[in-house]
Amino acid sequence: MSAFNAIGEEREIDRDEFTPGVEPQPTWCPGCGDFGVLKALKQALPEAGKTPEEVLTVTGIGCSGKLNSYLDTYGFHTIHGRSLPVARAAKLANPELEVIAAGGDGDGYGIGGNHFIHSARENHDITYIVFNNEIFGLTKGQTSPTSPKGHKSKTQPSGSAKTPIRPLSQSLTAGASYVARTAAVNPNQAKEIIKEAIEHDGFAHIDFLTQCPTWNKDARQYVPYVDIQESDDYDFDVSDREEAARMMRETEDVLNEGTVLTGRYYVEDDRPSYQQEKHAVGEMPDQPLAERYFDDDAEWERSYDLLERHT
Amino acid sequence: MSSDELIWRIAGGSGDGIDSTSQNFAKALMRSGLDVFTHRHYPSRIRGGHTYVEIRAADHEVQSRGDGYNFLLALGDSFARNPQEDAFYGNEEIKPLSENLDELREGGIIIYDEGLISEEDVEALDLEARAEENDWHVFPMDLRGLARDHGREVMRNTAGVGATAALLEMDLEHIEDLMSDAMGGDILEANLEILHEAYDIVTEEYDFEHDLRAPEGSHETEQALLSGSNAIAYGAIDAGCRFIAGYPMTPWTDVFTILSQNFPDMGGVSEQVEDEIAAAALAVGASHAGVKAMSGSSGGGFALMSEPLGLAEMTETPLVLIEAMRAGPSTGMPTKPEQSDLEHILYTSQGDSQRVVFAPGNIEEAYEQTRLAFEIAWDYQIPSIIIYDQKLSGENTNVDVEFFDREPQPDLGATLTEEELREAAHDNSGKFKRFNYEDAENGVAQRSIPGQKGGRFLATGNEHSPVGHINEDPDNRVAQMDRRLEKLESIREDLDSRESSTQTYFGDETADYGVITWGSSQGAVEEAVKRLNDDGHSVKGISVSDMMPFAEAEVTEFLESVDEAMVVEMNATAQFRGLLQKELGRFGEKLTSLLKYNGNPFEPAEIVEGYEVNFVEEDREPTAQVRIEPAAGD
């Protein structure tokens with residue numbers, strides 16, 4: 001018998017279950033793109049058959065970090081840039097949990113960039129949503145890793161001399177097995193992409209364009225947007241790494257010219273997830289490790305039985 | 001100088017197999033019934049460089065390296081830099097011999113490999129005159145040639161061991177057994193041949209007049225030879241730890257390696273990750289998801305763990321971190337011991353520290369305090385840290401096998417089951433009051449694990465309400481902060497109420513002079529205090545392990561009982577004495593310090609001398625590389 005009966009429970013799920021009953025009301029600014037992520041998650045999770053208590057939402061720091069304050073699942077609001085290592089370990093400790101990590105563009109592509117690269121490389125079976133508003137919002141409008149070249153802010157008063165990060169290309173190169181971009185202004189696509197990411201067995205990275213109406217007023221609201229799967233202007237194979245790379249590069253290039261391209265960029269369905277790879281080499285237990293601590297019949301190995309090598 | 005002990009030093013270059021040879025020889029001595037203690041000195045280099053391992057063996061308990069040593073096996077450094085590089089590295093070929101002469105005791109024995117160390121270089125050392133002066137017995141042997149003739153050159157260590165055994169009139173039985181355990185086939189045969197050949201050459205062809213022989217002893221129970229790193233790793237296994245995340249760094253890597261090698265057979269998970277921030281964050285994540293998890297590092301790597309450590313404090317995520325100190329600041333001396341990260345470990349990370357810190361003093365304590373760290377961490381939902389160092393990490397000593405015959409302790413402490421969660425407090429939206437200060441006992445609010453029905457809550461590094469929502473209300477802030485800090489008081493009471501103390505006491509209980517130490521300096525201090533008492537002084541000693549919450553009652557009692565006390569530690573700024581004065585300021589005038597920070601651990605004689613300079617002959621300066629810091633106001 002499992003010690004975690006919220007996991008795999010078969011029942012009707014109401015999306016209101018993901019809304020905290022009493023408090024708090026979101027503190028995001030009116031018109032903030034972060035509402036779009038919250039709404040899409042609340043729709044996608046029940047559609048993917050997930051109940052609140054089998055989901056662990058791990059966030060970083062920033063406006064985006066408050067996601068799990070307003071999404072009623074198990075939550076871990078960690079520290080700046082570190083949602084991914086916390087999320088990865090939770091998944092390894094209990095692979096049956098649905099683990100979603102989230103944070104902003106500064107959090108994920110700046111301070112947490114190392115974790116992003118390695119989490120993608122290792123292909124951990126988690127969903128990673130980056131709220132990309134091309135700005136540091138909560139700290140009041142500094143230039144971020146995705147801010148366009150020339151972006152002026154209090155910390156880059158003459159305009160940024162840096163070329164922005166290419167989040168999609170970097171994700172692909174690092175090894176993510178599902179890469180998509182969506183936008184808060186495109187709720188249906190956002191929901192579908194989040195659902196696909198949750199169902200994907202591997203590292204699913206969503207670069208989620210979330211407009212910041214307060215600190216990035218000059219930036220576009222990410223409208224009009226183009227869904228590259230719907231549009232006749234784009235035709236490429238999402239399972240082909242080279243075609244995906246070209247499409248990503250174009251998407252990143254044209255964003256700063258005002259063209260918002262969104263959709264699925266790369267989907268690799270047959271690549272084993274990290275936990276499967278680790279299991280294959282004999283370094284992951286068959287049963288979720290977390291279950292063992294609640295199993296009164298579990299037998300625990302002792303160091304006493306290792307002493308022969310020392311005598 | 002006692003003649004009832006052998007202190008055998010094997011010297012060569014890194015990569016010459018000094019470690020494995022010495023490990024086997026130490027085991028052979030242990031099997032012959034002796035107590036053993038090893039000390040390892042090596043550079044931060046893969047190949048070459050001056051390195052040695054010292055094995056102290058006696059028919060009585062040995063807790064430390066000795067004062068100097070009495071038997072040198074100088075193998076030559078086969079990876080020595082070429083002479084063009086002399087300017088920087090010096091002549092490395094001669095170093096296994098030249099670098100070790102100063103500490104060799106009178107009457108000592110030297111075997112050196114004349115196959116690798118040239119006659120010219122030996123002449124330049126003036127070895128003959130020095131040998132005469134110190135009554136050393138010098139035996140040049142072509143160990144390399146002997147090994148080459150019967151097998152391969154790399155087997156010259158075996159030749160050295162054979163020659164050693166012959167000079168000490170030791171039986172080869174245990175050495176042969178250990179070789180048979182470790183190898184087979186032609187390699188074993190060649191090694192055995194070399195062992196006997198060297199033994200026979202010495203026995204038949206050499207005249208010797210030295211007095212030193214292998215001591216004889218016996219053990220009543222079966223012994224195991226293990227290191228501090230083994231002990232920490234085994235403590236973790238027996239505490240039910242099955243998750244470790246880390247990044248390589250000397251010397252913490254030893255524990256990481258031992259657990260990584262054992263966990264696959266135990267259903268555990270080991271993760272080598274991108275950096276130490278990730279390592280500590282992974283341990284937090286695994287613990288949050290219901291697994292007993294740990295991480296660790298050495299100085300610089302631990303610095304990166306500061307933020308995840310604070311996160312564990314604020315979210316009350318149970319966690320064990322270990323820190324293996326080495327000489328700092330910065331990269332410092334990566335392979336040399338120092339006890340200079342105490343303040344770092346106590347206070348790193350922003351905000352008021354809410355953690356437990358133990359500093360074990362020897363191998364048994366390393367095992368027991370690691371278990372204790374897990375127990376406290378999970379019972380009180382607080383990070384516990386084991387602070388140790390390169391010395392304790394790498395030293396090997398013999399321990400009763402039965403010492404480890406204990407029940408494992410995998411329980412999750414203050415963690416609820418789903419059944420218990422049904423009875424627990426929830427808010428009116430059904431969120432579990434994970435951080436409930438109203439029902440908390442000893443400051444501990446029971447926790448749930450993700451995936452449990454009825455347990456959902458938010459963990460956050462922000463200050464938070466009982467269900468975990470970010471909350472900056474002043475009343476809530478004070479209530480949560482006080483509750484978390486109350487855990488430290490409860491832990492102190494818990495530790496004080498236990499039958500056996502984690503502090504170690506030695507010496508004459510009635511003495512008016514005290515010596516205080518902590519961590520891995522314990523053994524040398526204990527031996528020094530014994531020697532002082534044997535020599536007619538009256539001295540008592542205490543070695544403190546509980547750094548946070550500090551062992552206030554016990555140390556107070558100790559300091560009240562003495563007129564003056566000398567604080568012995570391996571750092572330059574008297575960090576532990578600083579802690580003593582912070583916790584127990586009124587004793588400031590009683591405390592002096594004996595400090596050492598040259599990269600080598602204390603020898604007992606240095607502590608004896610420090611005591612004499614401090615309390616007996618006040619005008620004398622210490623001759624060793626140690627420093628005395630006078631009492632406050634002096």
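The table for this structure:
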quantity	calculated
Criterion violated by residue A:6 - all others in (1) hydrophobic (A, V, I, L, M, F, W, C); (2) within 24 Å of residue A:123 (Cβ to Cβ); (3) within 7 Å of another protein chain (Cβ to nearest Cβ) satisfied	(2)
Unmet criterion (only one of (1) of a type outside the set (Gly, Ala, Ser); (2) surrounded by fewer than 24 Cβ atoms within 10 Å (Cβ to Cβ); (3) within 11 Å of chain A (Cβ to nearest Cβ)) for residue B:347	(3)
Breaking point among (1) in contact with a Phe, Trp or Tyr (Cβ under 7 Å, 6 or more places away or on another chain); (2) at the interface with chain A (Cβ under 9 Å from one of its Cβ atoms); (3) part of a loop (DSSP other than H, G, I, E, B), for residue B:453	(1)
Condition broken by residue B:156, with the remaining ones in (1) over 28 Å from residue B:35 (Cβ atoms); (2) within 31 Å of the chain's Cα centre (by Cα); (3) not in a helix (DSSP H, G or I) satisfied	(3)
Criterion: under 22 Å from residue A:84 (Cβ atoms) and either hydroxyl-bearing (Ser, Thr, Tyr) or within 14 Å of chain A (Cβ to nearest Cβ) (or both) - qualifying residue of B:317, B:331	B:317
Those strands (runs of 3 or more DSSP E) lying entirely in segment B:483-572 with at least 2 residues surrounded by fewer than 21 Cβ atoms within 10 Å (Cβ to Cβ)	B:504-507
Filter pass, residue A:106 being more than 12 Å from the chain's Cα centre (by Cα) and either surrounded by fewer than 24 Cβ atoms within 10 Å (Cβ to Cβ) or outside any helix (DSSP H, G or I) (or both)	no
Residues of segment A:42-100 classified as facing chain B (nearest Cβ under 7 Å), in a helix (DSSP H, G or I), within 20 Å of residue B:244 (Cα to Cα) and of a type outside the set (A, V, I, L, M, F, W, C), total	2
Residues satisfying the stated conditions in segment B:398-431, i.e. under 29 Å from residue B:345 (Cβ atoms) and away from chain A (no Cβ under 11 Å)	B:414
Qualifying position, being surrounded by fewer than 19 Cβ atoms within 10 Å (Cβ to Cβ) and within 14 Å of chain B (Cβ to nearest Cβ), among A:233, A:286, A:270, A:201	A:286
Residue within segment B:238-249 that is within 11 Å of another protein chain (Cβ to nearest Cβ) and part of a helix (DSSP H, G or I) present	yes
Residue B:599 outside any helix (DSSP H, G or I) and modelled with pLDDT under 95	yes
So residue B:579, is it farther than 22 Å from residue B:389 by Cβ and either aliphatic (A, V, I, L, M) or without any contact (Cβ under 8 Å) to a residue 24 or more places away in the chain (or both)	no
So residue A:302, is it modelled with pLDDT under 95, under 30 Å from residue B:396 (Cβ atoms) and within 14 Å of chain B (Cβ to nearest Cβ)	no
Residue that is more than 30 Å from residue B:28 (Cα to Cα), over 23 Å from the mean Cα position of the chain (by Cα) and either of a type in the set (D, E, K, R) or buried (at least 24 other Cβ atoms within 10 Å of the Cβ) (or both), where the choices are B:307, B:375, B:323	B:307
Index of the failed condition, residue B:281 passing every other in (1) more than 7 Å from chain A (Cβ to nearest Cβ); (2) in contact with a helix residue (DSSP H, G or I) (Cβ under 6 Å, 6 or more places away or on another chain)	(1)
Test result for residue B:239, assigned by TED's automatic domain parsing to the domain that holds residue B:378 and touching a residue at least 40 places away in the same chain (Cβ under 8 Å)	yes
Segment A:118-171, residues that are over 13 Å from the mean Cα position of the chain (by Cα), at pLDDT 95 or above and among the aliphatic types (A, V, I, L, M)	A:161, A:165
Unmet requirement for residue B:296, which otherwise passes all of (1) touching an Asp or Glu at 6+ places or on another chain (Cβ under 9 Å); (2) in contact (Cβ under 8 Å) with a residue 40 or more places away in the chain; (3) at the interface with chain A (Cβ under 10 Å from one of its Cβ atoms); (4) closer than 28 Å to residue B:391 by Cβ	(3)
Some residue of segment B:525-544 being of a type in the set (D, E, K, R), away from chain A (no Cβ under 14 Å) and closer than 26 Å to residue B:423 by Cα	no
Test: residue in segment B:216-225 that is in contact with a Lys or Arg (Cβ under 6 Å, 6 or more places away or on another chain), in a loop (DSSP other than H, G, I, E, B) and at pLDDT 95 or above	no
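The values are calculated or read from the model by the stated rules, or taken from the named source; none is laboratory data. Quick caveat, the model's predicted, so the values are computed rather than measured. When we count neighbours, we look across all protein chains shown, and the Cβ atoms used for this are built from the backbone with ideal geometry, even at glycine.
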